[in-house]
1. Looking at (1) within 20 Å of THR26 (Cα to Cα); (2) surrounded by fewer than 22 Cβ atoms within 10 Å (Cβ to Cβ); (3) in contact with a helix residue (DSSP H, G or I) (Cβ under 9 Å, 6 or more places away or on another chain), which is the one condition that is false for LEU95?
2. Which residue out of THR4, THR14 is within 18 Å of the chain's Cα centre (by Cα), at pLDDT below 85 and part of a loop (DSSP other than H, G, I, E, B)?
3. When you scan region 80-110, how many residues do you find that are out of contact with any Ser or Thr (no Cβ under 7 Å at 6 or more places or on another chain) and modelled with pLDDT under 90?
4. From the list VAL108, VAL39, pick out the single residue that is farther than 20 Å from LEU29 by Cα and among the β-branched types (Val, Ile, Thr).
5. Let me confirm something: among LEU147, LEU140, which residue is within 28 Å of ALA71 (Cβ to Cβ), at pLDDT below 80, buried (at least 16 other Cβ atoms within 10 Å of the Cβ) and not charged (D, E, K, R)?
6. Among the residues of region 173-190, is there at least one that is in a helix (DSSP H, G or I), modelled with pLDDT under 70 and within 30 Å of PRO101 (Cα to Cα)?
7. Given the conditions (1) over 16 Å from VAL214 (Cβ atoms); (2) of a type outside the set (Phe, Trp, Tyr); (3) more than 15 Å from the chain's Cα centre (by Cα), report the number of the one that LEU124 does not fulfil.
Amino acid sequence: MPETSSYSLPYAQTQRASYGAILSQTMFLVAIAIAFLVVGSYVGAGPGDAESLGRGAAMGCTIAAIVLLFAQSFVGALRTGPAGMALLFAIALLLGLGLGPVLEAYNVTGNGDVVTKAAGTTGLVVVAAAAGGTLIAKDLSGWMKPLSIVLLVAVGVSWAMLIFGGGGGAAGDVVSLVIGAASAVAIVIYFNFLRLQATEDDVVWLATGIFVAVVNIFLTLLNIFSD
């Protein structure tokens, strides 16, 4: 899923490792975060005979994740090292818990194919955006701050649309498209930054940004395909 006026890029003073090493570390963290998201979704949906989380509990998990995202934006120590990784995985787990009941509702109503379609399309969008960011030679880091703010807002908007059911109709589709587009552009910028100037100290916050953008794109497509 997915960074305010006091936000500053945590440019590292250490020697830059190879692009391949930094990319591998970043995507490894993104993969682990997605695994936490999946586990959280499974638990939130109510495995076996267990009941899924209620709307209040799911919303509480989502709000907690958003609060942690804001904390990372303001506290530099939470964007690097073990603390940053723990925060990323906690955010992913909480988002999964909040998403679980929503996905279960699709399965109960026989619309599980919508979830599959949204997930598959998300993968295609992410790959295309990542390739674009890697291939663009111009430094796009100046757009990272405003896009990060948009992503944080998008997290709250997209989850509120899903949980409260206010994302239907043309207005909801327009909002979803704006959110999805901003997230895709953010991924372009993240991968551009990864190739041109990221260091190992940037790995955690970049992984968090990419993960949040992926979740936002998925939520956007889920909302659009369900109409």
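1. Only one criterion in (1) within 20 Å of THR26 (Cα to Cα); (2) surrounded by fewer than 22 Cβ atoms within 10 Å (Cβ to Cβ); (3) in contact with a helix residue (DSSP H, G or I) (Cβ under 9 Å, 6 or more places away or on another chain) is unmet by LEU95, namely (2).
2. Among THR4, THR14, only THR4 is within 18 Å of the chain's Cα centre (by Cα), at pLDDT below 85 and part of a loop (DSSP other than H, G, I, E, B).
3. Of the residues in that region, 7 qualify.
4. Being farther than 20 Å from LEU29 by Cα and among the β-branched types (Val, Ile, Thr) holds for just one of VAL108, VAL39, which is VAL108.
5. Sole residue among the options that is within 28 Å of ALA71 (Cβ to Cβ), at pLDDT below 80, buried (at least 16 other Cβ atoms within 10 Å of the Cβ) and not charged (D, E, K, R): LEU147.
6. No, every residue in region 173-190 fails to be in a helix (DSSP H, G or I), modelled with pLDDT under 70 and within 30 Å of PRO101 (Cα to Cα).
7. Just one mismatch for LEU124, condition (1).
Here is a yes/no grid of residues against (1) more than 19 Å from THR80 (Cα to Cα); (2) in contact with a Leu (Cβ under 7 Å, 6 or more places away or on another chain):
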| residue | (1), (2) |
| --- | --- |
| SER176 | yes, no |
| VAL204 | no, yes |
| VAL212 | no, yes |
| ASN216 | yes, yes |
| LEU221 | yes, no |
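The values are calculated or read from the model by the stated rules, or taken from the named source; none is laboratory data. Because the structure is a prediction, the values reported are computed rather than measured. For neighbour counting, all protein chains shown are included, and Cβ atoms are generated from backbone atoms with ideal geometry for every residue, glycine included.
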